[in-house]
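The values are calculated or read from the model by the stated rules, or taken from the named source; none is laboratory data. Computed from a prediction, not measured in an experiment: that's the story for all the values here. Every residue, glycine as well, gets a Cβ built from its backbone with ideal geometry; the counts of neighbours run over all protein chains shown. Only protein heavy atoms, including side chains, enter the accessible area calculation; ligands, DNA and RNA are left aside. Shrake-Rupley method; radii C 1.70, N 1.55, O 1.52, S 1.80 Å.
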Amino acid sequence: MLKRYTVRIFFTSGKDISLEMGGKSEAEVIKRVQSDGWLSNDNGAYRTQVNINNITHFTVMQND
């Protein structure tokens, strides 16, 4: 069963974004954030290309 997570990503530019993502576990969501490529809100309303070299840190919180 998929769980819902809020991911907040902080970039070296000083900007940050929040995404709602689904995953089987927090580890799965972390792995997706740490890989270069496209991330999107599960509703498809927001999509961003992520380069891990431009991320200072990120947080993952499970939504109950």
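Okay, here's what the table says:
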item	result
Residue list for the range 25-40, restricted to those being surrounded by fewer than 12 Cβ atoms within 10 Å (Cβ to Cβ) and in a loop (DSSP other than H, G, I, E, B)	S35, D36
Selection within the range 24-58 - small (G, A, S) and on the phi < 0 side of the Ramachandran plot	S25, A27, S35, S40, A45
From the options G14, G22, residue that is assigned to a strand (DSSP E or B), among the small types (G, A, S) and out of contact with any helix residue (DSSP H, G or I) (no Cβ under 7 Å at 6 or more places or on another chain)	G22
Considering residues of the range 22-59 that are among the polar types (S, T, N, Q) and under 9 Å from the mean Cα position of the chain (by Cα) only, the residue farthest from R4 (Cα to Cα)	Q34
Close pairs from the range 46-64: first without any contact (Cβ under 8 Å) to a residue 12 or more places away in the chain and over 14 Å from G22 (Cα atoms), partner open to solvent by less than 90 Å² (accessible area, probe 1.4 Å) and in a strand (DSSP E or B), Cβ under 6 Å, at least 6 apart	R47/S40
